[in-house]
1. Being assigned to a loop (DSSP other than H, G, I, E, B) and buried (at least 16 other Cβ atoms within 10 Å of the Cβ) is the filter here; which residues of the stretch A:105-119 pass it?
2. Could you check the stretch B:28-41 and list, in sequence order, the residues that are within 7 Å of chain A (Cβ to nearest Cβ), at positive phi and open to solvent by less than 20 Å² (accessible area, probe 1.4 Å)?
3. Quick test for you: out of A:GLY119, A:GLY148, A:GLY133, pick the one residue that is touching an Asp or Glu at 6+ places or on another chain (Cβ under 7 Å) and within 11 Å of chain B (Cβ to nearest Cβ).
4. Please count how many residues of the stretch A:1-18 are in a loop (DSSP other than H, G, I, E, B) and either of a type in the set (Lys, Arg) or open to solvent by less than 100 Å² (accessible area, probe 1.4 Å) (or both).
5. In the stretch A:38-56, which residues are more than 11 Å from A:GLY12 (Cβ to Cβ) and surrounded by fewer than 21 Cβ atoms within 10 Å (Cβ to Cβ)?
6. Could you pull out the residue among A:VAL122, A:VAL142, A:VAL69 that is outside any strand (DSSP E or B) and either among the aliphatic types (A, V, I, L, M) or buried (at least 17 other Cβ atoms within 10 Å of the Cβ) (or both)?
7. Name the pairs: first residue in the stretch B:74-95 and under 26 Å from A:ARG94 (Cβ atoms), second residue among the hydroxyl-bearing types (Ser, Thr, Tyr) and not in a helix (DSSP H, G or I), Cβ to Cβ under 9 Å, at least 6 apart or on different chains?
Amino acid sequence: MTRRWNLSLWVGFLVILAGLFTFVPVFVRFPATRDFPWPTLLMLCVGLGMMAMGLRRAFAEPQVYRGRVLGSVLGALGVALVGLFGYGVFYAPRQLPDSAGSPRVGQEAPDFTLPDKNGNLVTLSRLLETGPGGAGKANGAVLIFYRGYW
Amino acid sequence: MVAISVDPPERNLEHCRQLGYTFTFLSDTKAEVIRSYDLLHPGSGMDGGDTSRPAEFLLDSTRRVAWLNLTESYTVRARPEQVLEALDEMGKTAPPRE
């Protein structure tokens, strides 16, 4: 007697893969889906749920459904992938130094001189005096520190 | 608006060209300024080098910090509207000079 294909196992695994592979090209581009990646998490949850359903079916009715062996392997792989995503998004990026010595509100920020993208030296205090492009005294400045490695 | 990273000027030039950035983009290859702001994140670069943790500061004309954002996660950065809001606040507390 032939047993039925356990479709929800496969579809669940594909949904997990789709969730992971759409994260960087699509959802990272928007702050609302990057700062907290709810569409990706939703897809991963649906995928895991479908796989759990498929596995339950495979073990509860082995005479009807296939997928005990392969389903277990795929299930473990799915859980590992979701765990890796969680680590990469929620744990690793939070391992930052405490920066207790950085200037706080009301304190004077250190002055500096650094080369710009054309190699010309730029001094922060002078930039505040002359404004961008020498347009006159600036009312302030926004400093953005990047991780770099573009 | 001034950006700072550990990348050399050539890399920043390329990066600005690709993304169309026209604001001042500075290179702190020895991470000296990054250190003076206590933002060094040792060994966080792709080749194991040091980089800056992401951070944003709003300074007034006397270089005093009016607002800052030290994010808890490097994937979460200040959004433009947060900076604009801080800029509005700064304008209220310290009206522009004559």
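1. Narrowing the stretch A:105-119 to residues assigned to a loop (DSSP other than H, G, I, E, B): A:105-107, A:109-112, A:117-119.
Within the stretch A:105-119, A:ALA109, A:PHE112, A:LYS117 meet the criteria.
2. Those that are within 7 Å of chain A (Cβ to nearest Cβ), at positive phi and open to solvent by less than 20 Å² (accessible area, probe 1.4 Å): none in the stretch B:28-41.
3. Numbers: A:GLY119 fails: touching an Asp or Glu at 6+ places or on another chain (Cβ under 7 Å); A:GLY133 fails: touching an Asp or Glu at 6+ places or on another chain (Cβ under 7 Å).
After ruling out the rest, the residue left standing is A:GLY148.
4. First pass over the stretch A:1-18, keeping only residues in a loop (DSSP other than H, G, I, E, B): A:1-3, A:5-6.
Going one step further and asking which of them are either of a type in the set (Lys, Arg) or open to solvent by less than 100 Å² (accessible area, probe 1.4 Å) (or both), we end up with A:3, A:6.
Within the stretch A:1-18, residues that are in a loop (DSSP other than H, G, I, E, B) and either of a type in the set (Lys, Arg) or open to solvent by less than 100 Å² (accessible area, probe 1.4 Å) (or both) number 2.
5. Step one: list which residues in the stretch A:38-56 are more than 11 Å from A:GLY12 (Cβ to Cβ), which gives A:38-42, A:56.
Across the stretch A:38-56, the qualifying residues are A:TRP38, A:PRO39, A:LEU41, A:LEU42, A:ARG56.
6. Values: A:VAL122 fails: outside any strand (DSSP E or B); A:VAL142 fails: outside any strand (DSSP E or B).
It is A:VAL69.
7. B:TYR74/B:SER44; B:ARG77/B:THR71; B:ALA78/B:THR71
Conditions tested, residue by residue: (1) open to solvent by less than 40 Å² (accessible area, probe 1.4 Å); (2) facing chain A (nearest Cβ under 8 Å); (3) touching a Phe, Trp or Tyr at 6+ places or on another chain (Cβ under 7 Å); (4) outside any loop (DSSP other than H, G, I, E, B).
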position	(1), (2), (3), (4)
B:ARG11	no, yes, yes, yes
B:TYR21	no, no, no, no
B:LEU26	yes, yes, no, yes
B:GLY45	yes, yes, yes, no
B:GLY48	no, no, no, no
B:PHE57	yes, yes, no, yes
B:GLU72	no, yes, no, no
B:ALA86	yes, no, yes, yes
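The values are calculated or read from the model by the stated rules, or taken from the named source; none is laboratory data. In this text, all values refer to a predicted model and were calculated from it rather than measured experimentally. Don't worry about glycine lacking a Cβ; one is built from the backbone with ideal geometry, like all the others, and counts go over all protein chains shown. Ligands, DNA and RNA are excluded from the accessible area calculation, which covers all protein heavy atoms including side chains. Shrake-Rupley method; radii C 1.70, N 1.55, O 1.52, S 1.80 Å.
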